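Visitor: I am attaching a structure below and will ask some questions about it afterwards.
The values are calculated or read from the model by the stated rules, or taken from the named source; none is laboratory data. Worth saying up front: this structure is predicted, and the values here are computed from it rather than measured. With ideal geometry, Cβ positions are generated from the backbone for all residues, glycine too; neighbour counts draw on all protein chains shown.
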Amino acid sequence: MTAARPAPHPAAADPIKVYDARWEVHEFDDAQVRRLFEAALAYGRELGVDTVTVTRDGRLGAPRVLELAIDTAVRLGFRTYACFEPVSTPHGYYASLHVSAEHPRTMGLVVTASHNPRQYIGVKFTVPVVQAIGLDCGPLGGLTRVRALYHAPEPPPARPGGTLHRLDLGREYVAYSLEQAGVGPGTLAGLRVVLDGLHGAAGPEVLAALTVAGVAVEPLRLVPDGHFPTGSPNPTSHGKLDAAVRRAAECGAHAVIGLDGDGDRIVFGDRRGVLTAGFAFVPILRACLAVAQADRPPPVLYDPKVSPLALAEWGRLGAAPLLFRNGHSQIKDYMTRRGALAAAEESGHYYHRLTRAGLTISGENSIVTILLFLAALRRDPGLLDELWHRQGQAFTTGEFNYQFDDDATRDRACAALLECLAGDGAAITTTTPDGIDLQGTCVSRGVTLAPAGAQLAPGWYSGYLRPATNEKSVLRAYFSAGDEAGGRRIERQARALLGATFGGRVIE
């Protein structure tokens, strides 16, 4: 354990990123990680926080970071509730919601690095009431204020009165999720599902919920293992769910469900492969709209990678699709500000309005999302045929990522690709309709977005390019198109520029 700590120099690096804190385990020592928690909790004190919940996923670096978080919170005088066993990030948010019913000034710390490779660790933060924060997102600037406190000359002083309490909400979290989804015990009997946890923390929780609902589960990689022996726990990566798809074909499963390392990304599919999120969201959105009782189409957020063809279907269902940028903290904040009913990102994130004990939040609950999808499949056995038909009318590359020698090379490669696409007649935009920075660049040709969905011309395509926020010198790219030939052409151009011309290396 590192002893007394000098304050970090103002010019020193810190682990704070756009949406959360994220770092490779070797990059920051105990003193620096402890200082992160001191800064976050000093920020919480400025907001009147008196209670902290702390949870963690199954990563190898998570236990030590959890211990530092607990020690810091108790030393600074906070009433601290900790879950010592690995749980999903949505479970961690539920823990904060649960504690907030009795202690409304509760801050949440979730130790996780989501879908990143095993050497990463990090923290996601919420402030009362379960409001995610990011850079320039949240009260007093959110993580921007935390960063300033991290680099302050002196850490906050210790305070008496800190206490530690153990949280064990597994059964309650499952019961709550079933209730929120409107799914009773045994009501999904007759369904068989391949559940692939990719060795993350969420597999056991989802298994428990599906078992109560009556689903027959074919388990795959459900034991949490921070070594991630089959690679980075990102179910949206190309080929990551091939084993689950094969298992579905072998056992006759109705559906495939894949989860990421901390369980806030979900992929749906079956023996034919995996669906993109925009189309998988259709039955989920239909269920949300059925109980919304809105007198006009409610806003539903989407990120720049969602296929315009899917957005057209959302509009036909009675939603008003609203573009926003990637990022769990920012998108949930915008949901609340706009009164949005739900949201979906092509990365496999789904968001809902969740209620408990008179409190309403915008957030993730992967069990709710999965149950809504499976309940729709239980009612309509032809659902997946319908979704595959709709998705088959568009071509999608899936996300492909290139890592460069440095950020400058990455940025030059991105600029060259955008120049090439603009020369092809694509429109280039970097902001939402209300002027918010997308933190990336949207490209589209033949796509007209409207409040009721999207209008598409022959030969249309769309795409999104953005620098990774949590991995070094990485550019993420994603394209969809109205026909395979056109989509393949754009993908070949992109890969040739990023790889052959600028020396980018393909990574997961």
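Visitor: Looking at the stretch 194-225 only, could you name the residues that are touching a strand residue (DSSP E or B) at 6+ places or on another chain (Cβ under 8 Å), surrounded by fewer than 23 Cβ atoms within 10 Å (Cβ to Cβ) and either in contact (Cβ under 8 Å) with a residue 40 or more places away in the chain or not in a loop (DSSP other than H, G, I, E, B) (or both)?
Guide: The answer is Leu207, Thr211, Ala216, Val217, Glu218, Pro219, Leu220.
Visitor: On the basis of being at pLDDT below 95 and either closer than 27 Å to Ser329 by Cα or in contact with a Leu (Cβ under 8 Å, 6 or more places away or on another chain) (or both), does His199 make the cut?
Guide: Here the answer is no, as His199 does not meet what is asked.
Visitor: Of the residues in the stretch 336-390, how many are surrounded by 24 or more Cβ atoms within 10 Å (Cβ to Cβ), over 30 Å from Ile133 (Cβ atoms) and without any contact (Cβ under 8 Å) to a residue 40 or more places away in the chain?
Guide: Number satisfying all stated conditions: 0.
Visitor: In this structure, does Glu46 turn out to be free of Cβ contacts under 8 Å to residues at least 24 places away in the same chain, out of contact with any strand residue (DSSP E or B) (no Cβ under 8 Å at 6 or more places or on another chain) and over 26 Å from Pro224 (Cα atoms)?
Guide: Numbers: free of Cβ contacts under 8 Å to residues at least 24 places away in the same chain: no; out of contact with any strand residue (DSSP E or B) (no Cβ under 8 Å at 6 or more places or on another chain): yes; over 26 Å from Pro224 (Cα atoms): yes.
So Glu46 does not fit the description; no.
Visitor: Could you grab me the full set of residues in the stretch 212-261 that are of a type in the set (S, T, N, Q) and out of contact with any helix residue (DSSP H, G or I) (no Cβ under 9 Å at 6 or more places or on another chain)?
Guide: Initially, the stretch 212-261 is screened for residues of a type in the set (S, T, N, Q), giving 230, 232, 234, 236-237.
Listed by number, the residues that qualify are Ser232, Asn234, Ser237.
Visitor: Picking from Asp411, Asp434, which residue would you name as being of a type in the set (D, E, K, R), more than 30 Å from Gly214 (Cα to Cα) and assigned to a loop (DSSP other than H, G, I, E, B)? Break it down into steps so the answer makes sense when it comes.
Guide: Working: Asp411 fails: assigned to a loop (DSSP other than H, G, I, E, B).
When all the criteria are applied, what remains is Asp434.
Visitor: Go through the stretch 404-431 residue by residue and tally those that are surrounded by 18 or more Cβ atoms within 10 Å (Cβ to Cβ) and not aliphatic (A, V, I, L, M).
Guide: Summing the residues that are surrounded by 18 or more Cβ atoms within 10 Å (Cβ to Cβ) and not aliphatic (A, V, I, L, M) in the stretch 404-431 gives 3.
Visitor: Report whether or not His238 is surrounded by fewer than 20 Cβ atoms within 10 Å (Cβ to Cβ), assigned to a loop (DSSP other than H, G, I, E, B) and modelled with pLDDT of 95 or more.
Guide: Against the criterion (surrounded by fewer than 20 Cβ atoms within 10 Å (Cβ to Cβ), assigned to a loop (DSSP other than H, G, I, E, B) and modelled with pLDDT of 95 or more), His238 does not qualify.
Visitor: If Ala244 passes every condition in (1) among the aliphatic types (A, V, I, L, M); (2) under 24 Å from Tyr94 (Cα atoms); (3) free of Cβ contacts under 8 Å to residues at least 60 places away in the same chain but one, which one does it miss?
Guide: (2)
Visitor: Which count do you get for residues in the stretch 50-65 that are more than 17 Å from Asp168 (Cα to Cα) and of a type in the set (Asp, Glu)?
Guide: Within the stretch 50-65, residues that are more than 17 Å from Asp168 (Cα to Cα) and of a type in the set (Asp, Glu) number 1.
Visitor: Filter the stretch 459-508 down to the residues that are touching a Ser or Thr at 6+ places or on another chain (Cβ under 6 Å) and of a type in the set (S, T, N, Q), then identify the one that is nearest to Leu418 (Cα to Cα).
Guide: Selected residue: Ser462.
Visitor: With the structure loaded, tell me whether Gly261 is crowded, with 19+ Cβ neighbours inside 10 Å and either assigned to a strand (DSSP E or B) or at pLDDT 95 or above (or both) or whether it fails that test.
Guide: Numbers: crowded, with 19+ Cβ neighbours inside 10 Å: yes; either assigned to a strand (DSSP E or B) or at pLDDT 95 or above (or both): yes.
When the stated conditions are applied, Gly261 passes them.
Visitor: Suppose we filter the stretch 42-68 for residues that are part of a helix (DSSP H, G or I) and under 25 Å from Gly203 (Cα atoms); how many remain? If you could, list the steps in order and put the result at the bottom.
Guide: Step one: of the stretch 42-68, the residues part of a helix (DSSP H, G or I) are 42-46, 62-68.
Filter once more, keeping what is under 25 Å from Gly203 (Cα atoms): 62-67.
The qualifying residues number 6.
Visitor: Something else about it: Mind counting the residues in the stretch 164-178 that are exposed (fewer than 15 other Cβ atoms within 10 Å of the Cβ) and within 14 Å of His352 (Cα to Cα)?
Guide: 0
Visitor: Which condition from (1) at pLDDT 95 or above; (2) crowded, with 22+ Cβ neighbours inside 10 Å is the one that Tyr19 breaks?
Guide: In the conditions (1) at pLDDT 95 or above; (2) crowded, with 22+ Cβ neighbours inside 10 Å, Tyr19 misses (1) alone.
Visitor: Within the stretch 46-87, count every residue that is of a type in the set (Lys, Arg), out of contact with any Gly (no Cβ under 6 Å at 6 or more places or on another chain) and more than 20 Å from Val127 (Cα to Cα).
Guide: 1
Visitor: At pLDDT below 95, farther than 14 Å from Ser366 by Cα and among the acidic types (Asp, Glu): which single residue out of Glu154, Glu218, Glu172 fits that description?
Guide: Details: Glu218 fails: at pLDDT below 95; Glu172 fails: at pLDDT below 95.
Of the residues listed, the single one that is at pLDDT below 95, farther than 14 Å from Ser366 by Cα and among the acidic types (Asp, Glu) is Glu154.
Visitor: For the subset of the stretch 94-113 comprising residues that are assigned to a strand (DSSP E or B) and aliphatic (A, V, I, L, M), which member is surrounded by the fewest Cβ atoms within 10 Å (Cβ to Cβ)? Please lay out each step first, then the result.
Guide: First, pick out the residues of the stretch 94-113 that are assigned to a strand (DSSP E or B): 106-111.
Cutting the leftovers down to aliphatic (A, V, I, L, M) gives us 107, 109-111.
Working: Met107: 29, Leu109: 29, Val110: 32, Val111: 27.
Per the stated criteria, the residue is Val111.
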